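Novice: First, the structure itself, so that you have it in front of you.
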Amino acid sequence: MMTGVILAGGLNRRMGGRLKALLPISGKPLILRQLEEMASCCKEILVVTNNPEVLSPILDTFSDVKVRTIRDRFVQTGPLGGIHAACLEASEPLLWVVGCDMPCLSAAAAEAMSMQCMDKGSDAVVPVIDGRVHPLHGIYTRQVGAEAEALLAHEQYRLMGLLQRIDCQEAEQDFFMEKGISTRFVLNVNTPEDYEVVLGFC
C-alpha cells in the first residue's frame, strides 16, 4: 500500500481563477474522481493545500480511506514544497504524487511503478510519455523529503532539480503499453481548452 498525495496548491491563473480541483467531470468534482481512484491502492490520502476550508466540503464526503489535508512547510514553492510536506506526514514508505488537475489517474500505473521502485531499490519512478518526463503521477519514497528540504532551503524550487539529485528511474511508454495501461493518466487541465478536451472523453 501507498500514501496517495494530491497537490492542490497553485493560483489557477490559466483557468481564470477557477479551482481546478473542483471542476465538474461526469457530474463529480475532479478531486473526488481522484480520491476514488487512489483509494483502490492507497492506505491514506494527503491533500496538500493552504486553503483546506475550500476543499473540506468535498473531502469530508469521502470515507473509503482516511483523507487528511496538510499544509506546505515552505509556502508558495510549488510541487517541490508539496512533496516535501507530504514526505514529512506520510505513514507509508511509498508516495503516489499527483496534481489536482489530473482527471485520468491510473491506480494500475501507480502500482506498476511502485513495484519497479521496490524492485530497483530506487528513490522514485516517474513516467516518460512521448519523450516527456512527468514528475507528477510519479512514485516517490518518503526519504526524498530530505533532498527536497535541502533544495527548498537554498530557494531552489524546480521539481526536476529533485529528480537530478536522487536515484530516479523512468517508466517509458512501452512499460505501460505492455501491461495494457493507457497513458492518458498524465493528462492535466491547465486551461479552459484543456477542460473542454477532457470533457469529451471522460
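The values are calculated or read from the model by the stated rules, or taken from the named source; none is laboratory data. The shown structure was predicted, so the numbers you read here are calculated from the model rather than taken from an experiment. Note: ideal-geometry Cβ built from the backbone for every residue, glycine included; neighbour counts use all protein chains shown.
Novice: Within segment 98-121, track down each residue that is under 12 Å from T141 (Cα atoms), among the small types (G, A, S) and either buried (at least 17 other Cβ atoms within 10 Å of the Cβ) or at pLDDT below 95 (or both).
Specialist: Passing the criteria: only S114.
Novice: In segment 37-73, what residues are basic (K, R), under 16 Å from the mean Cα position of the chain (by Cα) and under 15 Å from G4 (Cβ atoms)?
Specialist: K43, R68
Novice: Give the residues of segment 62-79 that are under 19 Å from K20 (Cα atoms), surrounded by 15 or more Cβ atoms within 10 Å (Cβ to Cβ) and not basic (K, R), sorted by residue number.
Specialist: Hits for segment 62-79 are F62, V67, T69, I70, D72, T77, G78, P79.
Novice: Name the residues in segment 125-145 that are among the small types (G, A, S) and farther than 15 Å from P79 by Cα, would you?
Specialist: G131
Novice: If you don't mind, there's one more thing I want to ask. Test A124 against the criterion of being crowded, with 21+ Cβ neighbours inside 10 Å, under 21 Å from C41 (Cα atoms) and in contact (Cβ under 8 Å) with a residue 24 or more places away in the chain, and give yes or no.
Specialist: Spelling it out, A124 is indeed crowded, with 21+ Cβ neighbours inside 10 Å, under 21 Å from C41 (Cα atoms) and in contact (Cβ under 8 Å) with a residue 24 or more places away in the chain.
Novice: Out of L35, L95, L88, I need the residue that is at pLDDT 95 or above and surrounded by fewer than 23 Cβ atoms within 10 Å (Cβ to Cβ). Which one?
Specialist: Among L35, L95, L88, only L88 is at pLDDT 95 or above and surrounded by fewer than 23 Cβ atoms within 10 Å (Cβ to Cβ).
Novice: Another one. Specify which of the listed residues (L152, L136, L163) is within 17 Å of V5 (Cα to Cα), touching a residue at least 24 places away in the same chain (Cβ under 8 Å) and either crowded, with 16+ Cβ neighbours inside 10 Å or touching a helix residue (DSSP H, G or I) at 6+ places or on another chain (Cβ under 6 Å) (or both).
Specialist: L136 is the lone residue from the list that is within 17 Å of V5 (Cα to Cα), touching a residue at least 24 places away in the same chain (Cβ under 8 Å) and either crowded, with 16+ Cβ neighbours inside 10 Å or touching a helix residue (DSSP H, G or I) at 6+ places or on another chain (Cβ under 6 Å) (or both).
Novice: Where in segment 126-202 are the helices (runs of 4 or more DSSP H), entirely inside, with at least 1 residues that are among the basic types (K, R) and more than 19 Å from the chain's Cα centre (by Cα)?
Specialist: 159-165
Novice: Now for a different question. Given the conditions (1) at pLDDT below 95; (2) of a type in the set (A, V, I, L, M, F, W, C); (3) closer than 30 Å to D167 by Cβ, which single one is not true for L19?
Specialist: The one condition L19 does not meet is (3).
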